[in-house]
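Novice: Got a structure for you, questions after.
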Amino acid sequence: MTAADFIPVLIQILLAIGLGGAILTASVIFGQRARRNRIKDTPYECGMPPAGPGRTRYSVKFYVTAMLFILFDIEVVFLIPWILSYREFLVNGIPIIGPIAVFFGIFILGLIYELKKGAIQWEK
Amino acid sequence: MDIFFILFALLTVVPAFLMVVTPNPVAGAVFLILSFIGMACLFVLLEAFFLAVLQILVYAGAIMVLFLFIIMLLDVREVEKLRPNTVTAAAAGVSLLLLVLGLIAVLAGDGLSGQLLSALPAVPDYPAADEPLGLAQKVKAYGYGLFTKYMLPFQLTGILLLIAMIGVIVLSKKRAAEEGAESAGADS
Amino acid sequence: MNLEAFQKIAASNLWGNLLPEIYLVALCLLLLVFEMVFRRQDLLLLFRVALWGQVLLLVLMGLSYFGGFPSGREELFGGLLVQTPLTETMRLFFLFGSLLVSYLGTRFLRARNLARTEFFAITLLVTAALMLLVQSNQFVLLFVALETVTVGFYVLVAYARTSGYSLEAGLKYLIMGALSSGLLLFGIVLLYGVAGSPDLAGAVGDPLHFPSLAQFIAAHPDNTLVLAGSLLVLSGIAFKVGAVPFQIWIPDVYQGAPTPVSAFLAVSSKAAGIIVLLTLVTGPFAALSGWTIPLISTVAVLTILYGNLTALPQRNVKRIMGLSGIAHAGYLLMGVVAAMTVDWAVGAIVFYLFTYLLASFGVFGVMALLSEGQDADQELDHYEDLAKRQPLLAAALTVGLASLAGIPPLGGFIGKLVLFIAAFQAGLYTLLAFSVVGVVLSIYYYFGWVREAVFRVWRSAEGAGSATPALPEPRSLTGLDRTALVGLSVLTLILGVAPFVLTWFLQL
């Protein structure tokens, strides 16, 4: 592949940067502005002085969700080469549908197992 | 392509360095994502598109989610107070020295001399029809190899992920009876 | 695109040769379905399905041998997998091990409020992966199988999640296991890079394939990257075996893990490591024997000495089993060195593994039956006068420990004897001398344990025994418990007195 093949990618990146920049600029130009000072920049908390830090610790329960996400993410990665190559496999008579069905069968069974065990449910 | 290589290499290395020196963990995580993106760009330069996609999808996506969750679970202000102790710093210095020495030794040895690297073919050689396939080719060719020759490890990966799923549930979810026992006792 | 090459490879994916593994995975899925369908978790039903399912597999595999035990060497899956009589025997070994782990698991889970199905599910999957691990003939399959085993063990070690010991063990095992996997993978990558480099003479098409790699290494035995790569690979495997200097995780992990898992780690995981090491040093790394023989010999001496010397002052029984397990790994390493020059030593190793399995599960079984509550802090003092309280348990414990120590006429004696003869034939005299010293040392601590359990020890009124409260009396032994313990003891004895078993093994 030559550099010319990547021109659409370049256009995409420039568009993304340009759009983001344009929106920010527009909000500066057209947005309402008032005089700002320290008091006005503090977080609003029912008119009271803010108590405690802005960043708090999260419950470990979130982490379970994150771990399950990573597992499913990795399973899905295998779909990319499969989608691109399975037609040639079918044409050439190499078994492909069955093995993938087994792979994702185990995967879906695991998913159902997790749903049944309430992995997605919020523990009280 | 040299200009792109330098650009992407900088995109990989500079955020990686910033990640190490920044005192703020969240900023460090964001720098790490930037570094991953730079690495994905390098993979694109090598025409290893599948690896580039993996890099974004798995590392910049999923792994970083875990990192950010860890950061949110920890008490960041306590972490920020930590100062590296002298022993650790000395050990890190010695490790760095050893790494550099090892690198020099390997580069100077017969394994990977400079002339050997320059002699590598510029275009990756695609396998002939009767040869087993190497792993890192284009995505489609990757699929050919993965679903024929490496079908067994592929299916085993499914089993591995199933074990991981079961493990997550076993180690994190409270069982019903356990919950009952705990709520009967003191609130945990 | 022409896919003829891939058609050829796909045609060699003969799944029919992997029926035992597929059966185990299917059994695990069945258990998970049961877990989902039945709301109340009936331990008895799960237990029966898991245990009798494996017994059925054992019977089916036995029936399939009426056509003749597999002989010869068969490469499958495009060279990823190789099946020999050795791998077939190891399949039976792992199945037997997982059967015993499942049985111990029920005893363990009955007394605790922990998830139940998942223990059996993970045990079954790990067993299937262990079977694939010893059959693998290519680094990709080897690594994926090894990771499957290791990830399964991460979960199993931390399984008693309400116990601090278990969680600590799980964390230590996770960190050490990840480190060793990293070493192994780095070594594999170095070998892949150097053996596949088109600029070196004799570069091979698939550098991860063991026979191809052996070909390359034979041509370049002095290449720096080959040395670095093979050293890293051997280090990664040494972690799994628990050889010095990679033994550091063993005592804490064995102590903290649930007793059935300790037994699983001690027997099946170690056996798999030894067989993989054997495959590597006699296969791809055969041309490196100039430095692998001295290296592994030194490691074996250190491992034997470390295991036996550290076990001497121990009072915690699980730590004794862990540390003495290091010593057994040392003897097996000696067997591996011997097998590099003497062919029949492979059979001796497998025979030793079988005697180790029977004896270890006997001892771990008694430990599991005695520990209804917290099982990480069993001390020797808890075994005081066991013979009076539970004669059957004391007898099984004595047979198991004596076999581990290598006392005739038990299996452990013959196992050590053939291993030593193999080492003698291979000319490893120094190694042999250290092993004999190790065996003598081991008799001290094994018999210290037997003495606590069987013989009355004189002690003053405020003696050591009165300080630690005795373990609660075990619940009454069921028929299955008796059958298992008696069966293990009898098999240990048979291995010791029936020579035809040994001759069969030595033909491997």
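Nothing in this text is a laboratory measurement; each read-out follows from the coordinates by a stated rule. The shown structure was predicted, so the numbers you read here are calculated from the model rather than taken from an experiment. For neighbour counting, all protein chains shown are included, and Cβ atoms are generated from backbone atoms with ideal geometry for every residue, glycine included.
Novice: Under the rule of -39500 (n - 2.57) per DSSP H run of 4 or more residues, summed and divided by the residues of chain C, what mean residue ellipticity at 222 nm is obtained, to the nearest 500 deg cm²/dmol?
Specialist: On the way: 22 runs with 363 residues, N = 508.
Roughly -24000 deg cm²/dmol at 222 nm, from the helical runs in chain C.
Novice: Need one number: nm distance between label points at residue C:507 and residue A:27, each 7 Å from Cα along Cα→Cβ, rounded to one decimal.
Specialist: Roughly 8.0 nm, to one decimal.
Novice: Cut-off is 10 Å between beta-carbons; in what order do A:120, A:100 appear when sorted fewest neighbours first? List each step's numbers first, then the result.
Specialist: Numbers: A:120 11, A:100 18.
Going from sparsest to densest Cβ surroundings: A:120, A:100.
Novice: Output needed: percent of Cα pairs per 10 Å distance bin for the range C:1-158, bins running from 0 to the one holding the longest distance.
Specialist: For the range C:1-158, the binned pair fractions read 10, 36, 31, 17, 5, 1, 0 percent.
Novice: Here's a follow-up. Let me see the pair-distance distribution of the protein assembly as shown: every alpha carbon pair, 10 Å bin width, integer percents in order.
Specialist: 2, 11, 20, 24, 20, 13, 6, 3, 1, 0
Novice: Another one. Can you pull the Kirkwood radius for the range B:1-76, inverse mean 1/r over Cα pairs, to one decimal in Å? Show your work: numbers first, answer last.
Specialist: On the way: mean 1/r = 0.0780 Å⁻¹.
Its Kirkwood hydrodynamic radius stands at 12.8 Å.
Novice: Considering just Cα atoms, how many Å³ per residue does the convex hull of the range C:42-116 enclose?
Specialist: Details: hull volume 8.2 nm³, N = 75.
Expressed per residue, the convex hull around the Cα atoms of the range C:42-116 is 109 Å³.
Novice: Non-local amide H neighbours of residue A:58 (under 5 Å, H modeled in plane, Pro and chain starts lacking H): which ones?
Specialist: Close amide H contacts, sequence-distant or interchain: B:73.
Novice: Most exposed first by the Cβ proxy, i.e. fewest other Cβ within 10 Å, how do A:76, C:244, C:337 rank?
Specialist: On the way: A:76 13, C:244 21, C:337 25.
The most exposed by this proxy come first: A:76, C:244, C:337.
Novice: For peptide A:107-118, how many partner chain Cβ atoms fall within 10 Å of a residue's Cβ, on average? Working shown, then result.
Specialist: Values: counts 4, 0, 6, 10, 1, 3, 12, 5, 1, 6, 11, 4.
Averaged over the peptide's residues, the number is 5.
Novice: So for the pair residue C:477, residue A:17, with labels modelled 7 Å out along Cα→Cβ, what separation do we get in nm?
Specialist: Result for the modelled spin labels: 7.8 nm.
Novice: Further question on the same structure: How many nm separate the modelled label positions at residue C:497 and residue C:179, each set 7 Å beyond the Cα in the direction of the Cβ?
Specialist: Here the modelled spin labels are 4.7 nm apart.
Novice: Hydropathy at least 1.0 by Kyte-Doolittle, axial extent at least 24 angstrom from the Cα trace: which helices of chain C, defined as entire DSSP H runs, fit?
Specialist: Numbers: long enough: C:19-37 (26 Å, 2.25); C:43-64 (31 Å, 2.12); C:85-110 (38 Å, 0.75); C:117-135 (28 Å, 1.88); C:139-157 (26 Å, 2.32); C:164-196 (47 Å, 1.37); C:224-241 (25 Å, 1.97); C:289-311 (33 Å, 1.23); C:317-339 (32 Å, 1.25); C:345-370 (37 Å, 2.13); C:429-454 (36 Å, 1.27); C:479-497 (27 Å, 1.59).
Both cut-offs are met by C:19-37, C:43-64, C:117-135, C:139-157, C:164-196, C:224-241, C:289-311, C:317-339, C:345-370, C:429-454, C:479-497.
Novice: Taking the number of other C-beta atoms within 10 Å as the exposure measure, put C:28, B:41 in order starting with the fewest. Walk me through the numbers before you get to the answer.
Specialist: On the way: C:28 28, B:41 19.
So the ranking, lowest neighbour count to highest, is B:41, C:28.
Novice: How high is the FRET efficiency from residue C:436 to residue C:111, r the C-beta distance, R0 60 Å, rounded to 0.05? Write out the running numbers ahead of the final one.
Specialist: Numbers: r = 41 Å, r/R0 = 0.69.
Computed FRET efficiency for residue C:436 and residue C:111: 0.90.
Novice: Next question. Could you list, in their original order, any pairs among A:117/C:172; A:117/C:270; A:61/A:117; B:149/C:240; B:140/C:8 whose Cα atoms are separated by more than 25 Å? Walk me through the numbers before you get to the answer.
Specialist: Values: A:117/C:172 28 Å; A:117/C:270 33 Å; A:61/A:117 14 Å; B:149/C:240 27 Å; B:140/C:8 18 Å.
Listed pairs above 25 Å: A:117/C:172; A:117/C:270; B:149/C:240.
Novice: Taking the square root of 5 times each eigenvalue of the Cα gyration tensor, what semi-axes in Å does the equivalent ellipsoid of chain C have, largest first? Mind dumping the intermediate values first?
Specialist: On the way: eigenvalues 275, 148, 89 Å².
Over the Cα atoms of chain C, the semi-axes work out to 37, 27, 21 Å.
Novice: Which ³J(HN,Hα) values in Hz, rounded to whole numbers, follow from the phi angles of the range B:22-35 under the Karplus curve 6.51 cos²θ - 1.76 cosθ + 1.60, where θ = phi - 60° and Gly and Pro get x?
Specialist: 5, x, 8, x, 5, 4, x, 4, 5, 4, 5, 4, 4, 4
Novice: From the P(r) of the range A:61-116, could you give the percentage of C-alpha pairs in the tail past 13 Å?
Specialist: When all Cα pairs of the range A:61-116 are counted, 68 percent exceed 13 Å.
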